[in-house]
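I have placed the structure first, in the form of structure tokens, so that the comments after it can refer back to it.
The values are calculated or read from the model by the stated rules, or taken from the named source; none is laboratory data. Note that the coordinates shown come from a computational prediction; the quantities given were computed from them, not determined experimentally. Here Cβ is always computed from backbone atoms with ideal geometry, including for glycine, and neighbour counts include all displayed protein chains.
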Amino acid sequence: MTGPVVCTTVAQLREEIGARVTRGARTVGLFPTMGALHDGHARIAQRTRAENDLAVVSVFVNPLQFGPGEDFESYPRDLDGDVARLAEVGVDLVFAPSVEQMYPDGTPVVSVTSGRAGSILEGATRPGHFDGALTVVNKLFTIAAPGPAAELRAYFGEKDAQQLLLMQRMVRDFDYPVEIRAVPIVRSEQGLALSSRNQYLSAEQADHALVLHRTLRALAAGELTLERARSAIDAEPEVRLDYFVTVDPGDLSLVEPGPGTLALVAAWVGPTRLIDNMRI
Ligand code: PAF
């Protein structure tokens, strides 16, 4: 099995994509990640592979989307492991730039801002997080742009529902020639939504974290009200609720639970912040 070509510079990635488009690739799938790839990522990478002539995965822990005191320094990094996983999936190119390559002048002067939709929910606890994520993805879209001969599709997981919505808005608001494809949440057998941060959980904490999925399911089935779902989470040992809301998936405005709405939950399990969601 030959693994993916690992590109560490913008110029190298552009050259590789350009060469493959010249050789006939008509669809380019881009899956942006911060690495530490788990089975949830593997599922998205498989779709990126299956649906495109050329499959590109970026692995970049983006400092812009971490706030002061967040886990940028300690965020899990394992490029060799990630590349091995992506080789199994048959990904063609991995883009793994350094921070200096992506931000040669330090913090960029011009960046993307997400306004109100980026400052509520996750954005309320993580100010600037979505602006940082949008700014780096904005760069990735331009770096991976295959030109008029091929289509660019970008893949995002539904677990980060607010991020997905903001990416869709950015494409719409900036008229990017990029199609966003959403991939459903992958869960452990017990129901925990897979996340790179799950590796911070002890076995007991992982058990307690199952309350997120349990309450989402009960709410979606009409067995719990929002109020009771919130109390159930707070009653779970080691779990502290941040928010449990239902929103209009179009613009994230708060609505009563009902068909077509999206239930979003965020909680700390010990020191680890987890999010999950479910369509009602
Ligand atoms: O979802 C993530 O891992 C990141 O926010 C993303 C989209 C790769 C941007 O850094």
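Things to note:
So that you can scan it fast, the table gives a plain yes or no per residue for (1) small (Gly, Ala, Ser); (2) free of Cβ contacts under 8 Å to residues at least 60 places away in the same chain; (3) surrounded by 19 or more Cβ atoms within 10 Å (Cβ to Cβ):
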{"site": "Leu152", "(1), (2), (3)": "no, no, yes"}
{"site": "Gly157", "(1), (2), (3)": "yes, no, yes"}
{"site": "Gln162", "(1), (2), (3)": "no, no, yes"}
{"site": "Met167", "(1), (2), (3)": "no, yes, yes"}
{"site": "Gln190", "(1), (2), (3)": "no, yes, no"}
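- Of all the residues in the stretch 83-104, those that are within 15 Å of the ligand (Cβ to nearest atom) and part of a strand (DSSP E or B) number 2.
- Restricting attention to the stretch 46-68, the residues that are surrounded by fewer than 23 Cβ atoms within 10 Å (Cβ to Cβ) and within 16 Å of the ligand (Cβ to nearest atom) total 9.
- Single unsatisfied condition, Glu15 versus (1) more than 16 Å from the ligand (Cβ to nearest atom); (2) touching a helix residue (DSSP H, G or I) at 6+ places or on another chain (Cβ under 8 Å); (3) without any contact (Cβ under 8 Å) to a residue 60 or more places away in the chain: (2)
- Options Asp80, Asp71, Asp39: the member that is at pLDDT below 95 and away from the ligand (no atom under 14 Å from the Cβ): Asp39
- Arg217 vs. criteria within 21 Å of Pro271 (Cα to Cα), surrounded by fewer than 17 Cβ atoms within 10 Å (Cβ to Cβ) and within 26 Å of the chain's Cα centre (by Cα): no
- Exclusive hit being acidic (Asp, Glu) and under 28 Å from Ala266 (Cα atoms), set Glu88, Glu51, Glu122, Glu100: Glu122
- Single match in Ala145, Ala161, Ala150 (criterion: within 22 Å of Val247 (Cβ to Cβ), hydrophobic (A, V, I, L, M, F, W, C) and touching a strand residue (DSSP E or B) at 6+ places or on another chain (Cβ under 9 Å)): Ala161
- Across the stretch 120-149, the qualifying residues are those that are small (Gly, Ala, Ser) and away from the ligand (no atom under 16 Å from the Cβ), and the one among them that is nearest to Leu79 (Cα to Cα) is Ala145.
- Restricting attention to the stretch 232-245, the residues that are surrounded by 15 or more Cβ atoms within 10 Å (Cβ to Cβ) and outside any strand (DSSP E or B) total 4.
- Restricting attention to the stretch 213-233, the residues being of a type in the set (D, E, K, R) and under 21 Å from Arg126 (Cβ atoms) number 1.
- In the stretch 87-118, residue nearest to Pro68 (Cα to Cα) [restricted to those that are in contact with a helix residue (DSSP H, G or I) (Cβ under 8 Å, 6 or more places away or on another chain) and of a type in the set (S, T, N, Q)]: Thr107
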